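Inspection log for the structure reproduced underneath, given as structure tokens.
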Amino acid sequence: MEIELKEIRDFLAGIPPFDRLPMALVEKLTHETSIRYIRRGLPLPPDNVTQDRLYLIRKGALSLQSTQGNLLGKLSEGDICTIFCMHGDHDKFIIDVEEDTLVYTIPCDTLYDIVRDHPTVAAFIQKTASQRLKDAVSSMMNEAALTSPLMHTSTQELMNSPVVSVVAGTSIYDAARSMADNGISSLMITDNGKAVGIITNSDILQRCVAARLSTDAPIDTIMTSKMLSVTSDSSAYDTLMIMTRKHIHHLPVIDDGQLNGIITVTDLIRQEGRNSAYLSSAIRKADSIDALIEHSRTIPQLQLQLVKMGGTSEHVGKGITAITTAITSRLIELAEAEIGPAPLPYAWVVAGSQARREQTSHSDQDNGLIISDALSDNERPWFEALAKYVCDGLDACGYVYCPGNVMATNPKWRQTESVWKNYFKTWINEPDPKALMHSSIFFDLRTIHGDKSLLRRIRKQMLQQTSRSTLFLAHLTTNAMKQRPPLGFFRDFVLIHDGEHNDTLDLKHNGLAPIVDLARIYALTEGINTVNTAKRLKLAAGTASLSKEGAANLLDALIFIGTLRTQHQAKQIINGVDIDNFMSPIEISRLEREHLKDAFKVIQTMQTTLERRL
């Protein structure tokens, strides 16, 4: 084989999906490959090319944009531009040649003919990186549930019955009133005793309120009439898989046309014997710190069980955070029982992953106190005693003291409402890059005990300021760009080279943290009040700050990286070692490594988009 052909063959054999092909087919592809040089600024495909072709970037860079001008991805050495082989979908995208680029190119028809006996390779080519990542997220959730005890539980055992329902023709207002009165998030609509539709809180919000439809209109106008349903003898696992695949949270249980119940995702998640709801209840009854310490020891097993039953990182985060919050609240109650009632209104606030409801087992603690402006020097010792009791108690329960001293025991973070307002005013109006790097955690505060209005007023003023302060947002963006996904030349992972964590990826600081930072910037720019990362992305989607495509891609990356992290930690829990965020790429399959690279590429793309606005 000629040297030039050998170089092409070796290149093809080393990149997905062609690394899955027998060498004989790789060599066949090599003989069908052409080499093209495309100058920066010229179109792709070149004007004289009419045949749909696959482009493999050997050197250079391309950017992939939607027809609306939103950046969807950047392609560099080792990447594949599959757009023109996607069965007519290429008119939805625009390719810009950002650098002088050398590509290998193969006719799509020829390519599909060669790989026709390898459907996974063909499927890879028919999708963009973000689409492959989305499929991987769905697949990950399905595969993670295979060992779930839900396999051996019937839907009947978990469903809610009897079902609250209204008859067809009932007004939207009366239906919503029925939901509120019964404390439920979904409602069945019946006609002559048969189920004909379902509505949820989301339906009322999107199809009625957002559409400005009168609440006097009949519920039939906004209900979902083409319902999926399950039978009472369906396995709970199958029911969960239907919900996962169809992105729905409520399913009616119908046997022989008769409505017998309704089941929700929450019902399924709570199936585990030692679930967060059960444990939270036990914590609320604990009468000593020793009892809380005993309960806290079960948290790793709770995380393991949530992972085993197919819970995503979002499920794990909410479940573990609920336990941390319950322990903190109970410690505050025990403290007040010992040192006496609070002399003034106050709010115990938490920051970081606990505020965002994204914790895993026994994170360190980040907290503070906001106290009424009526505070006098005589009352300060009470709050000092409260802070010491709770922070020491949290440490005893495995939530170690914050290395950066972001705790209520630090007088700086145990201040009145006015002082906190001035903190934010200074951070926003006089931003110092170094100070802002250490203070960004406070833009994720959440009250878990006490007077919520104290933080609510601070956040209202803060969000009014952040949305107008371009200098503050620019500094925040610059700081956020320092956390880069670990992708290097030729799309290889950039691994940590350190004695304890040698040859690993830091999934938290180089994978999840950049997404958290991006979501925070979008939220502060748009005045969005929530602090949860996924909710921030969803609420920012379609605004001037974030396109809907970008939000969807970041959400997929958040779930994929986060779930890899919780699965890695689950293995450590099983092996009886301390959990961490450092995963070796050899822990996962070659295909998962490729999806992880796709997730990192999504983050890089969104960081680039944000940088262009500076």
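The values are calculated or read from the model by the stated rules, or taken from the named source; none is laboratory data. Source: prediction; values computed, not measured. Reconstructed Cβ throughout: ideal geometry from the backbone, glycine too, with neighbour counts over all protein chains shown.
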Q: Could you grab the pairs with beta carbons closer than 6 Å, sequence gap of 6+ or different chains, first residue in the range 582-596 and of a type in the set (Phe, Trp, Tyr), second one at pLDDT 85 or above?
A: 582/504; 582/506
Q) When you go through 329, 353 one by one, which is the residue that is among the small types (Gly, Ala, Ser), in contact with a Ser or Thr (Cβ under 7 Å, 6 or more places away or on another chain) and either modelled with pLDDT of 95 or more or assigned by TED's automatic domain parsing to the domain that holds residue 385 (or both)? A) 353
(Q) Suppose we filter 101, 120, 67 for residues that are among the polar types (S, T, N, Q) and surrounded by 21 or more Cβ atoms within 10 Å (Cβ to Cβ); which single one remains? (A) 101
Q | Qualifying positions in the range 211-241 - among the hydroxyl-bearing types (Ser, Thr, Tyr), surrounded by fewer than 17 Cβ atoms within 10 Å (Cβ to Cβ) and not in a loop (DSSP other than H, G, I, E, B) | A | 221, 224, 235
(Q) Give all pairs with beta carbons closer than 9 Å in which a residue from the range 372-393 that is farther than 27 Å from residue 326 by Cβ meets a residue that is among the β-branched types (Val, Ile, Thr); count only pairs at least 6 apart in sequence or on separate chains. (A) 373/416; 373/419; 374/416; 375/416; 379/371; 380/371
**Q.** Conditions (1) in contact (Cβ under 8 Å) with a residue 12 or more places away in the chain; (2) surrounded by fewer than 22 Cβ atoms within 10 Å (Cβ to Cβ); (3) out of contact with any Gly (no Cβ under 9 Å at 6 or more places or on another chain); (4) under 21 Å from residue 289 (Cα atoms): number failed by residue 421
**A.** (4)
Q) Quick one: would you say residue 293 is assigned to a helix (DSSP H, G or I), within 30 Å of residue 576 (Cα to Cα), in contact with a helix residue (DSSP H, G or I) (Cβ under 9 Å, 6 or more places away or on another chain) and in contact (Cβ under 8 Å) with a residue 60 or more places away in the chain? A) yes
Q: Inspect all residues belonging to the range 82-94 and state whether any of them is acidic (Asp, Glu) and out of contact with any helix residue (DSSP H, G or I) (no Cβ under 7 Å at 6 or more places or on another chain).
A: yes
Q | Selection from the range 38-58 of residues that are surrounded by fewer than 13 Cβ atoms within 10 Å (Cβ to Cβ) and at pLDDT 90 or above | A | 39, 40
Q | Close pairs (8 angstrom Cβ cut-off, 6 or more residues apart or separate chains): aromatic (Phe, Trp, Tyr) in the range 156-180, surrounded by fewer than 16 Cβ atoms within 10 Å (Cβ to Cβ) and in a strand (DSSP E or B) anywhere | A | none
Q | Lone qualifier among 185, 235, 225 - being free of Cβ contacts under 8 Å to residues at least 40 places away in the same chain and either of a type outside the set (Val, Ile, Thr) or assigned by TED's automatic domain parsing to the domain that holds residue 263 (or both) | A | 225
Q: Could you check how many residues of the range 457-483 are within 10 Å of residue 428 (Cα to Cα) and β-branched (Val, Ile, Thr)?
A: 2
**Q.** Selection status of residue 608, among the β-branched types (Val, Ile, Thr), surrounded by fewer than 18 Cβ atoms within 10 Å (Cβ to Cβ) and assigned to a loop (DSSP other than H, G, I, E, B)
**A.** no
Q.
Quick check on the range 248-266: of everything there that is closer than 12 Å to residue 161 by Cα and of a type outside the set (Val, Ile, Thr), which residue is surrounded by the fewest Cβ atoms within 10 Å (Cβ to Cβ)?
A. 260
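Determine whether residue 548 is more than 19 Å from residue 312 (Cβ to Cβ), surrounded by fewer than 19 Cβ atoms within 10 Å (Cβ to Cβ) and assigned by TED's automatic domain parsing to the domain that holds residue 319. Steps first, answer last, please.
Working: more than 19 Å from residue 312 (Cβ to Cβ): yes; surrounded by fewer than 19 Cβ atoms within 10 Å (Cβ to Cβ): yes; assigned by TED's automatic domain parsing to the domain that holds residue 319: yes.
In short, yes.
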Q.
Given (1) modelled with pLDDT of 90 or more; (2) closer than 30 Å to residue 226 by Cα, identify the lone condition not met by residue 107.
A. (2)
(Q) Of the residues 534, 570, only one is within 18 Å of residue 136 (Cβ to Cβ), surrounded by 18 or more Cβ atoms within 10 Å (Cβ to Cβ) and in contact with a helix residue (DSSP H, G or I) (Cβ under 8 Å, 6 or more places away or on another chain); which? (A) 534
Q: Return yes when residue 577 is free of Cβ contacts under 8 Å to residues at least 60 places away in the same chain and aliphatic (A, V, I, L, M) and no when it is not.
A: yes
Q) Scanning the range 19-53 for residues that are in a helix (DSSP H, G or I) and under 16 Å from residue 103 (Cα atoms), which turns out farthest from the chain's Cα centre (by Cα)? A) 31
